[in-house]
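Notes follow the structure.
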Amino acid sequence: MKIKPINNTVTFGGVNRMGKEAIIFIPASVVSDLEKSIEKRMAILPTPTDIKKFANGETYINIRGDMRNKDVYLMPVTGKTVNDNLMELLIMIDAFKRASAGRITAVIPYMGYARQDRKAKARDPISAKLVADLITAAGADRVLSMDLHCPQIQGFFNIPVDHLLGVPILAPYFVEKFKDENMDEVMVVSPDLGSVTRARNFAQRLGVQFAIVDKRRQKANVCEVMNIIGDVRNKKVVLVDDMIDTAGTLCNAAKAIMEIGGAKEVYACATHGVLSGPAIQRIQDSVIKEVVLLDTIALPDEKKIDKITTLPVAPVFAQAIQRIYADKPVSTLFNT
């Protein structure tokens, strides 16, 4: 069988108070701000590790170094399909566990299957719980993630979960953007009822009011906007969500805000830019002036358009890793 090696494991020096040396594992195919930031912020040295892909797609990993009692942080490829990403993570966890690593932290900027967090109808799976069980059973001791679809997913894990937030990164961008504007003319809007808490927190950080778009979903990835709860007339509106998948909800909400609500301008932001199917074309054709995303999911060149701005999550994840390694609280990052 033909195999394709992917080599690039990184470490930073020192030991924590438990006496464990730290190892950060990043596949070489990840060329992102996250990796670059960690390389910049920590003294990184290469460690001999091989990841190979067999011709039939199976993943193989071999660690050619001593991992005994090491503090390991695993970062799977964020630009691959959800299923490939998950399988590679599980294999990496198992390999390091069997190599006697002291503590394994799965660093998952975007957790796949997080939207399948409940039984919406009879005989539905709860796939988010299944993924949590798989990660735990593989041998992870801790999970570091950002903006799970709903915070209750933390309870699906029987191990500690550090849940980072995207709002502290996104909000300062719009504070700077509207610094010369009258903030009474700015309003934050939740595109659906599920993002009300997130929109409220975002509005508090900007010091503005918020509204809600009430919609009725007929079937998956299709929604019908019904009405707007709040007065957005002549306002510069910022739509806030945790992720943008096919962009149907977002673009329909933006259209309703302009046509029904009478808003002046519409912007949008989200933590995860899944951008599947017709998302890019919908955003391009929509009334939205700018969409701001975090780079928790690698954005391929064909999806980079002028309307989309990406902000790095690397500084926050680097700080979180350093705090976990030093056995310090991560909660202080929420107040950035």
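No lab work stands behind these numbers, since they all come straight from the coordinates. Owing to the predicted nature of the structure, the values given are computational and were not obtained by experimental measurement. All Cβ positions, glycine included, derive from the backbone under ideal geometry; neighbour counts span all protein chains shown.
Observations on the model:
- Compared with the direct C-alpha span, the chain from Q154 to R200 gains 14.4 nm at full extension, assuming 0.36 nm per residue.
- Rounded Å value of the spacing that divides the Cα centres of segment 116-161 and segment 245-320: 25
- Each residue of segment 150-159 was assigned a 3J(HN,Hα) from its phi angle through the Karplus curve 6.51 cos²θ - 1.76 cosθ + 1.60 (θ = phi - 60°); the sequence is 9, x, 5, 4, 4, x, 6, 8, 9, 10 Hz, with glycine and proline shown as x.
- Cα gyration tensor shape for segment 164-218, rounded if a/c is under 1.5, else prolate or oblate: oblate
- Which listed pairs, of K53/K129; K215/K289; K235/K289; K119/K304; K52/K304; K52/K328, have C-alpha distances above 25 Å, in listed order: K53/K129; K119/K304; K52/K304; K52/K328
- Cβ-Cβ distance of R123 and N83, R₀ of 25 Å, FRET efficiency by 1/(1 + (r/R0)^6): the value works out to about 0.70.
- Residue-count net charge about R142 - beta-carbon cut-off 9 Å; Lys, Arg +1, Asp, Glu -1: -1
- Label-point separation in nm, L134 to M183, each point 7 Å along Cα→Cβ: 4.4
- The amide H of M111, built 1.01 Å from its N in the peptide plane, has M146 as neighbours under 5 Å, considering only residues 5 or more places off or on other chains.
- Tensor-based shape of segment 182-323 (alpha-carbon gyration tensor, a/c under 1.5 rounded, otherwise prolate or oblate): oblate
- Spacing of the two label points (7 Å from each Cα toward its C-beta) at D214 and D306, in nm: 3.8
- Theoretical gain in end-to-end length, E259 to A55 [0.36 nm per residue, Cα-Cα removed]: 68.2 nm
- Extension gain from K289 to S276, taking 0.36 nm per residue of separation minus the Cα-Cα distance: 2.7 nm
- If R0 is taken as 45 Å, the Cβ-Cβ distance between N62 and T332 corresponds to a FRET efficiency of 0.75.
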